[in-house]
Amino acid sequence: MGSMFDSGTPPNQNPSAVDKIVDHILVAKKGLTRGKVQEMIKERIAELEGLIDEEAAALLVAKELGVVLPSTEYNANFKFSKLLIKDLIAGLKRIKISARIVRLPPPLQLNSGKKLQRMVLADESGCINAVAWNSVAETIASSKLKPGDCVLIKNASVREYRGRSELVLGEEAEVERLESCDAIDLEELAERCNVEAIIMVVHDIIEGSKGYCVYGMTRKGPACVLVQAGHNVPRLQRGDMIFVQDPRRLPSGFQRYKLTGLSRVFVLGSETVKESYFEVVQVEEVESSGDKTIGVRGRLVAALPSKRGPSSTIVVSGTFSSTSILTFNNDLVAEMKTVKPGTLLEITGVYTSKRGLRLNPYYNVRKISWEEPSAPSDTLVREGYVRCRATVLSAAFSHRLLESGEPLLGAIINLDDGTARARLLTSYNPHIQELLGANWDEIREFASLGVLPQILSFCEEQLKGVDCEVEGWLSRDGVLAASSLKVI
């Protein structure tokens, strides 16, 4: 027996089954005619573009009409062909599809009181935007779904939205988490769907006063994610495998991201990380450590404000060399001017850029100790602790005013004691006052009157040829962290 319709639908495997379903419908619904029911079946086949056969369409119509069919005769789950995302077109209704969640932004509540949850779903055939409303949106939130989860969606529809198909989950829709599905790897799906996201295994977390830095490894190598305090991020620990959704990529050679208001972080699972890729290193190890460096231990030399722009340079030294860390944090620079040069510090929250070390906005500075010096050398010839008299060859000041009007000052003094030369770098308040011959209140007044640049230029000239008594730690590269400075 041929198809009961001439609509080009797939041939029915069991022609009598459709007639039996129609008979059951007519018995239960006295107001319907056979022709009307057959028309409804035909409409369902057309809506699903031939993806279901006549029997499945008849079963669907029976369910929509509330007609209970004998369970021994019919499969209550319907005989749907597997729908793929590429098959979804605007106008389809009451569809059933399985897919993997690729993007799950925060739920929204509109001014009207309606709740909605947007998603990006994907399978091996493609990607589609989805939106769930009200109770379905609440169900998604309460079930703790996350990117990577496979879901079975029932009774959804497809509409056209801004020129693209969108899956709509209205009040009748159902969402069920599946143990697994055929969809491919989450990270690959995110790339295919143009979803901004990274998957990272956490290695280290650096806590700061206004947020924290999460360091970890992605497929592309080491990375860092900046999390502002108060952001709704689950508590993380070493070994967590996280999906960072919608971060903002920051400019640098290093993979560095910042969370925005739309960003979300999901914990997908965990891995064993016995030893972190990242290191807190001594000054001498910075160059060899490369992008592994997340912190530096050394003696504070100075925190020098740039003559141009909002940046400053924190200089720390070791026995053989010194290194610079670029920062844009004025609060830290202001704090450093009260710390005695030579103090042993551990600065964490750094990263390696093409131009050297930089400090993230969320960092930690720990004062380790004040190291008691051994017997000092009386010349600048060798590294170590020195105490000597030297002549100023040149002096250069840099300064910047904070919004409060408080000046930040730094100085680079080139010295010669007759045996060798050294560069004394300082931002320590007592040293600045000694070099300028003014107390801090007077320096503030110079700044408020706008004459501080002229004062600094004058002092640069006046200091040339002047003798100084200096004491402090000298590194082999000639940088002096002066714990004591007196202009003679």
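The values are calculated or read from the model by the stated rules, or taken from the named source; none is laboratory data. Remember, it's a predicted structure, so these values are computed and weren't measured experimentally. Backbone-built Cβ (ideal geometry, glycine too); neighbour counts: all protein chains shown.
So, in segment 273-325, how many residues would count as being in the same structural domain as ALA482 (by TED's automatic domain parsing) and of a type in the set (S, T, N, Q)?
10
Which condition breaks for ARG358 when tested against (1) among the charged types (D, E, K, R); (2) more than 26 Å from the chain's Cα centre (by Cα); (3) buried (at least 19 other Cβ atoms within 10 Å of the Cβ)?
With (1) among the charged types (D, E, K, R); (2) more than 26 Å from the chain's Cα centre (by Cα); (3) buried (at least 19 other Cβ atoms within 10 Å of the Cβ) applied to ARG358, the lone miss is (2).
List pairs: first in segment 32-46 and at positive phi, second surrounded by 13 or more Cβ atoms within 10 Å (Cβ to Cβ) and part of a helix (DSSP H, G or I), Cβ under 8 Å, 6+ apart or cross-chain?
From residues that are at positive phi, there are no pairs.
Which of the strands (runs of 3 or more DSSP E) contained wholly in segment 348-431 include at least 2 residues that are hydrophobic (A, V, I, L, M, F, W, C) and more than 27 Å from ARG444 (Cβ to Cβ)?
Fully inside segment 348-431 and qualifying: 356-369, 384-401.
Does segment 288-309 hold any residues that are in contact with a Leu (Cβ under 8 Å, 6 or more places away or on another chain) and buried (at least 21 other Cβ atoms within 10 Å of the Cβ), and which are they? Break it down stepwise before answering.
If we filter segment 288-309 for residues that are in contact with a Leu (Cβ under 8 Å, 6 or more places away or on another chain), which is where we start, we get 293, 296-305.
The answer is THR293, VAL296, GLY298, ARG299, LEU300, VAL301, ALA302, ALA303, LEU304, PRO305.
Taking the options GLU191, GLU285, GLU187, name whichever one is at negative phi and surrounded by fewer than 16 Cβ atoms within 10 Å (Cβ to Cβ).
Selected residue: GLU191, the only one of GLU191, GLU285, GLU187 that is at negative phi and surrounded by fewer than 16 Cβ atoms within 10 Å (Cβ to Cβ).
So how many residues does segment 114-129 have that are closer than 15 Å to ASP149 by Cα, in contact with an Asp or Glu (Cβ under 9 Å, 6 or more places away or on another chain) and surrounded by 17 or more Cβ atoms within 10 Å (Cβ to Cβ)?
1
Please tell me if ASP441 is assigned by TED's automatic domain parsing to the domain that holds THR323, free of Cβ contacts under 8 Å to residues at least 60 places away in the same chain and of a type in the set (Asp, Glu).
Details: assigned by TED's automatic domain parsing to the domain that holds THR323: yes; free of Cβ contacts under 8 Å to residues at least 60 places away in the same chain: yes; of a type in the set (Asp, Glu): yes.
For ASP441, the condition - assigned by TED's automatic domain parsing to the domain that holds THR323, free of Cβ contacts under 8 Å to residues at least 60 places away in the same chain and of a type in the set (Asp, Glu) - is met.
Condition check ((1) basic (Lys, Arg); (2) within 18 Å of LYS337 (Cα to Cα)) across all residues:
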site: VAL283; (1), (2): no, no
site: SER289; (1), (2): no, no
site: LYS292; (1), (2): yes, no
site: GLY295; (1), (2): no, no
site: ARG299; (1), (2): yes, yes
site: SER306; (1), (2): no, yes
site: THR313; (1), (2): no, yes
site: THR319; (1), (2): no, no
site: SER322; (1), (2): no, no
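Please specify each residue of segment 242-258 satisfying the condition of being buried (at least 20 other Cβ atoms within 10 Å of the Cβ) and of a type in the set (A, V, I, L, M, F, W, C).
The answer is ILE242, PHE243, VAL244.
Report yes if some residue within segment 266-280 is in a strand (DSSP E or B) and within 30 Å of VAL339 (Cα to Cα); otherwise report no.
yes
Out of LEU236, LEU262, which single residue is modelled with pLDDT under 95 and in a loop (DSSP other than H, G, I, E, B)?
Of the residues listed, the single one that is modelled with pLDDT under 95 and in a loop (DSSP other than H, G, I, E, B) is LEU262.
Test of understanding: among ARG400, ARG366, ARG389, ARG297, which residue is over 30 Å from THR218 (Cα atoms) and under 33 Å from the mean Cα position of the chain (by Cα)?
None of the other options fit; the residue is ARG400.
Please return the ranges of strands (runs of 3 or more DSSP E) entirely within segment 281-341 where 3 or more residues are not hydroxyl-bearing (Ser, Thr, Tyr).
Details: elements: 293-305, 312-317, 322-327.
It comes to 293-305, 312-317.
Suppose we keep only residues that are polar (S, T, N, Q) and modelled with pLDDT of 95 or more within segment 312-328. Which one would you say is farthest from GLY472 (Cα to Cα)?
To start, the set of residues in segment 312-328 that are polar (S, T, N, Q) comprises 312-313, 317, 319, 321-324, 327.
Applying the additional criterion that residues be modelled with pLDDT of 95 or more yields 312-313, 317, 321-324, 327.
Numbers: SER312: 23, THR313: 20, SER317: 12, SER321: 15, SER322: 14, THR323: 17, SER324: 19, THR327: 25 Å.
Looking at the filtered set, the residue picked out is THR327.
So how many residues does segment 239-259 have that are in contact (Cβ under 8 Å) with a residue 60 or more places away in the chain and either part of a strand (DSSP E or B) or under 18 Å from ILE205 (Cβ atoms) (or both)?
Applying the first criterion (in contact (Cβ under 8 Å) with a residue 60 or more places away in the chain) to segment 239-259 yields 243, 245-246, 252-254, 256.
From what's left, either part of a strand (DSSP E or B) or under 18 Å from ILE205 (Cβ atoms) (or both): 243, 245, 254, 256.
Number of matching residues: 4.
I need a count of the residues in segment 260-282 that are free of Cβ contacts under 8 Å to residues at least 24 places away in the same chain and either within 19 Å of TYR363 (Cβ to Cβ) or crowded, with 19+ Cβ neighbours inside 10 Å (or both).
Total satisfying the criteria: 2.
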